[in-house]
Amino acid sequence: MLKPLHDYVVLEKIKEEEKTQSGVILTKEPKDQPSRGIVVSVGPGKTENGTLIPVELKEGQKVIYKKYSGTEITEDKKDYLLIKAEDILAIVE
């Protein structure tokens, strides 16, 4: 399993399908919309002025992150995204 360093987070991407009212699944992604993922692992945080500032995320949370950010990684035949915590926009509750 991947264990991120500093203020990085490992996400598993959620592939969203859009459906029309009649039930037709659209395969093209909507443009300029943020993406969603599930937090798999969280780094300890970043250090500023000698103080550790922890990342405010927990494993299993669904989040919305900036599109086109982070680094895609394949580990054990699964695709993950390694992203800075500051590129995560919101937690989905």
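The values are calculated or read from the model by the stated rules, or taken from the named source; none is laboratory data. Here the structure is a predicted model, which is why all the values come from computation and not from measurement. For neighbour counting, all protein chains shown are included, and Cβ atoms are generated from backbone atoms with ideal geometry for every residue, glycine included. Just so you know, the surface numbers come from the protein's heavy atoms only, side chains and all, with ligands and any DNA or RNA stripped out. Shrake-Rupley method; radii C 1.70, N 1.55, O 1.52, S 1.80 Å.
Within the range 53-71, being without any contact (Cβ under 8 Å) to a residue 12 or more places away in the chain and surrounded by fewer than 10 Cβ atoms within 10 Å (Cβ to Cβ) holds for one residue alone: 68. Any residue at all in the range 17-28 that's open to solvent by less than 100 Å² (accessible area, probe 1.4 Å), under 20 Å from residue 83 (Cβ atoms), at pLDDT below 75 and in a loop (DSSP other than H, G, I, E, B)? Checked against the condition, which is being open to solvent by less than 100 Å² (accessible area, probe 1.4 Å), under 20 Å from residue 83 (Cβ atoms), at pLDDT below 75 and in a loop (DSSP other than H, G, I, E, B), the range 17-28 yields no hits at all.
Residue 2: assigned to a loop (DSSP other than H, G, I, E, B) and modelled with pLDDT of 85 or more, yes or no? So residue 2 fits the description; yes.
Scan the range 58-67 and tell me whether some residue there is more than 11 Å from the chain's Cα centre (by Cα) and outside any loop (DSSP other than H, G, I, E, B). Within the range 58-67, none of the residues are more than 11 Å from the chain's Cα centre (by Cα) and outside any loop (DSSP other than H, G, I, E, B).
Considering the range 72-93, the residues that are part of a strand (DSSP E or B) and basic (Lys, Arg) include one that is least open to solvent (accessible area, probe 1.4 Å), namely 84.
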